[in-house]
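Input: a single structure, listed below in structure tokens.
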Amino acid sequence: MSRIVSLVPAATEIVAALGLVDDLVGVSHECDFPAEANARPRVTHCPVHHAGLSSAAVDRWVRRALREQGTIYTIDEPLLRELRPDVILTQKLCDVCAVGYGTVARLAETLPGPPRVVNLEPSSLSDIFDDIRRVAEACGATERGDEVIANLTARVEAVRKRAAHVADRPRCFLMEWVDPPFCSGHWGPELVEIAGGYDPLGRKYQPSVQVKWQDVLNARPEIIVLALCGYDVERAQRDYELLRTYSDFESIPAARDNRIYLVDASAFFARPGPRIVDSLELLAGILHPERFPEFADNSLVQRCSAAAPIRLRNGTGAPP
């Protein structure tokens with residue numbers, strides 16, 4: 001049995017998928033799944049988390065904090081010492097996503113043991129599966145890790161095989177932020193591709209970046225998925241109203257045809273753990289509901305009309 005501290009929500013989900021929740025002794029301020037994670041001590045803090053700021057204000061705060069302090073997070077060092085971890089799960093992928101690897105590694109060197117620090121830095125779907133394998137090995141659950149990866153891989157290949165035969169591959173803009181606009185990066189465009197679409201603005205296997213609104217207009221996406229990094233559907237609803245005020249918004253095919261969808265990117269899409277495959281299946285249902293009816297009928301997705309968001313064929317709202 002290892003004493004595990006997870007500083008990344010995706011890592012917490014990986015630990016749970018491996019059946020090691022009881023070994024989890026500390027988590028980050030953002031770890032909220034599975035439910036048991038909410039009962040664990042929180043080792044990190046971020047002032048902007050749940051601060052209720054607008055998208056533009058969040059963007060300004062993050063840029064300023066990174067410029068002036070190099071990070072947007074703080075670690076409760078006394079608590080971490082008290083927890084006496086054997087394994088610390090952290091990341092080097094994104095300074096905005098979680099505490100940086102360097103900070104954690106330096107602190108870990110001063111702890112008893114010292115604990116093993118496992119870096120998660122995925123840029124693709126296969127990288128995410130490799131991270132699951134890496135966590136499983138560090139925590140003594142290699143066999144269970146292989147089982148989890150095999151199950152997830154089978155689900156991915158099932159979607160890939162069915163989507164490979166679609167004649168129409170719609171232009172789908174996976175939008176990570178609204179004010180200012182950001183495209184998707186890393187595994188995002190790959191998910192769109194596997195699900196039977198094409199993201200004309202996405203940066204496959206590369207970090208997401210700010211894009212000009214005119215670039216969105218020029219791309220003429222047929223579908224827009226608002227997957228706001230780190231935020232839920234409620235926030236996406238608010239930012240959808242902001243998106244509607246942008247110049248020539250109505251000229252975009254996705255807006256004209258009411259094919260703008262809201263998803264919880266805090267739980268899915270932006271969280272590179274086991275539920276990234278759920279994200280793929282949600283996309284398949286959005287892009288090709290006739291081919292993937294079992295994924296289209298899902299309360300986790302909301303479809304927007306010109307008037308207001310409506311639920312996507314789940315029996316609780318108007319049909320699309």
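Computed from the C-alpha gyration tensor, the three semi-axes of the ellipsoid equivalent to the chain are 34, 23, 16 Å, from longest to shortest.
Once each of the GluC sites (Glu not before Pro) sitting in a DSSP loop with at most 12 other beta-carbon atoms within 10 Å is removed, the chain keeps 110-289 as its longest stretch.
Could you tally the net charge around A164, taking each other residue with its Cβ under 12 Å from the Cβ of A164, Lys/Arg +1 and Asp/Glu -1?
+3
With 0.36 nm allotted per residue and the present C-alpha distance subtracted, the A39-E82 stretch has 13.8 nm of extension available. Per residue, the convex hull spanned by the Cα atoms of segment 210-261 measures out at 74 cubic angstrom.
The modelled label-to-label distance between E234 and S126, using points 7 Å beyond Cα along the C-beta direction, is 4.0 nm. The E294 and A167 beta-carbon pair, evaluated with R₀ = 25 Å, returns a calculated FRET efficiency of approximately 0.75. Taking one quarter of the surface of the convex hull spanned by the alpha-carbon atoms of segment 200-287 gives a direction-averaged projected area of 5.8 nm².
Per-residue ellipticity at 222 nm computed for the chain from its helices equals -11000 deg cm²/dmol, with DSSP H segments shorter than 4 residues left out and the rest contributing -39,500 (n - 2.57). Membrane-span-like helices in the chain (whole DSSP H runs, Cα extent of at least 15 Å along the helix axis, mean Kyte-Doolittle hydropathy of at least -1.0): 55-69, 125-138, 142-163, 276-287. Once R0 is set to 35 Å, what does the formula 1/(1 + (r/R0)^6) return for the Cβ-Cβ distance between R133 and L111, expressed as a FRET efficiency to the nearest 0.05? My answer for the efficiency is 0.90. Legend: residues D199, D232, sorted from most to least accessible area (1.4 Å probe; ligands, DNA and RNA excluded), read D232, D199. Once the Cα-Cα distance is subtracted from the 0.36 nm per residue extended length, the A56 to E250 segment shows a gain of 67.6 nm.
For the chain, with a Gaussian network of springs between Cα atoms less than 10 Å apart, report the residue from A284, A227, A164 with the top mean-square fluctuation. The residue with the greatest mean-square fluctuation here is A164.
Heavy-atom accessible surface of R3, to the nearest 10 Å², is about 70 Å², with a 1.4 Å probe and all protein chains retained.
The values are calculated or read from the model by the stated rules, or taken from the named source; none is laboratory data. Quantities reported herein were computed from a predicted structural model and do not represent experimental measurements. No Cβ is skipped: glycine too gets one built from the backbone with ideal geometry, and neighbour counts run over all protein chains shown. These accessible areas exclude ligands, DNA and RNA; they are computed on the full protein's heavy atoms, side chains included. Shrake-Rupley method; radii C 1.70, N 1.55, O 1.52, S 1.80 Å.
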